[in-house]
Amino acid sequence: MSHIAFIGLGRMGGPMAANLARAGRDVCGFDLEEVRRAAAEAQGVRRATTARAAAVGAAAIITMLPAGEAVLAVWKELLTCVDRDTLFIDSSTIDVASARAAHRLAREAGRPSLDAPVSGGVAGAEAGTLSFMCGGDAADVERARPLFSDMGKTIIHCGEGGLGQAAKICNNMMLGATMIATSEAFALAERLGLSDKTLFAVASVSSGQSWSLTHYCPAPGVLPAAPSSHDYRPGFMAALMLKDLRLANEAAEAVGLTTPVAALAAQIYARYVASGEAERDFSGVIRMFREGRDPEDELLGVDHHLTRA
Ligand code: NAD
């Protein structure tokens, strides 16, 4: 039985590769960092000393890397050293242009490929409950489905190559904006004397409802399992939300679309990350509004300018 190569064994890739191994698959993994390789090995993943060594003879290669340049560099290297029917799958979150470029490289080399970014975070990767958003040929999605099922619960074919990444950044664009809107509302409620629990009771059954509120309420002590009730330990790091909002804004700019809310959301997360909170959960952004860290802050002042007649 040919094996699965897994390149990038970090916070997400490590547990994803471990779940494939736990499902009985032969998984050979590589990461630039020795500590990641050793951690994956302890979870049943065979350790390779190079990406190429992991890839040779593989039925499928899954990449889980920080950015588009890394994915393109790894794919370029591996496309020439594998069998013709080896399926290339990128599950990283990267820019749509790089995702399309990766598909192009694979097509030119005569190899099948999918972009299949995920949502569900580290907890979803560990629990095997990720959602996969796939771009590429339907037949390749079907081929990869058993692998995705070992790592996740939901598999959606979004269309041609690159549209998995498009779905991912559009989703996270909504998530970033609703988290900020929810945080602002809780900050205002507090100043007006309305308790967090009461606002939650009202909004969670009213039109202010969203996933950011009902599954991930940014006000502490409302949902016991939410990061807000655990000093904003991630969860989903603010730095990654900033990354995804930047990818969304870049994609919008590339197609000539104006997205003012996403642009402001990226600025707010940039400010939050720069205040030393990059590794805090993204719902911690509520503290910027509640604590009013800088009353002269020109960014937070924008709203008031806009609301004046
Ligand atoms: P991470 O930094 O923990 O892991 C990335 C790993 O890739 C690192 O261990 C690094 O050493 C390795 N790496 C980098 N370049 C490499 C190369 N050329 N060859 C081999 N290994 C290489 O990041 P992560 O949190 O696991 O995220 C991975 C991807 O998943 C990112 O694109 C991220 O945006 C996306 N993502 C993350 C989350 C999350 O909650 N962490 C959720 C959804 C999507």
Ile180 being more than 13 Å from the ligand (Cβ to nearest atom) and either outside the structural domain of Phe282 (by TED's automatic domain parsing) or not in a helix (DSSP H, G or I) (or both): no
Restricting to region 252-278, name every residue that is under 24 Å from Tyr232 (Cβ atoms) and without any contact (Cβ under 8 Å) to a residue 24 or more places away in the chain. Ala274, Ser275, Gly276
Select from region 118-138 the residues that are touching a residue at least 60 places away in the same chain (Cβ under 8 Å) and either touching an Asp or Glu at 6+ places or on another chain (Cβ under 9 Å) or surrounded by fewer than 24 Cβ atoms within 10 Å (Cβ to Cβ) (or both) and list them in ascending order. Val118, Gly121, Val122, Ala123, Glu126, Gly128
Residues that are under 20 Å from the mean Cα position of the chain (by Cα), within 30 Å of Ala201 (Cβ to Cβ), more than 16 Å from the ligand (Cβ to nearest atom) and open to solvent by 70 Å² or more (accessible area, probe 1.4 Å), drawn from region 226-269: Val261
Checked region 101-119 for anything under 15 Å from Gln165 (Cα atoms) and within 16 Å of the ligand (Cβ to nearest atom); matches are Ala101, Ala102, Leu114, Asp115, Ala116, Pro117, Val118, Ser119
In region 83-117, the residues that are aliphatic (A, V, I, L, M) and open to solvent by 10 Å² or more (accessible area, probe 1.4 Å): Val96, Ala97, Ala101, Leu105, Ala109
In region 2-24, is there at least one residue being of a type outside the set (A, V, I, L, M, F, W, C), surrounded by fewer than 17 Cβ atoms within 10 Å (Cβ to Cβ) and under 24 Å from His103 (Cα atoms)? yes
Give the residues of region 144-159 that are in contact (Cβ under 8 Å) with a residue 12 or more places away in the chain and of a type in the set (D, E, K, R), sorted by residue number. Asp150, Lys153
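The values are calculated or read from the model by the stated rules, or taken from the named source; none is laboratory data. Given the structure is predicted, the values throughout are model-derived calculations rather than measurements. So basically every Cβ, Gly included, is an ideal-geometry build from the backbone, and we count neighbours across all protein chains shown. Ligands, DNA and RNA are excluded from the accessible area calculation, which covers all protein heavy atoms including side chains. Shrake-Rupley method; radii C 1.70, N 1.55, O 1.52, S 1.80 Å.
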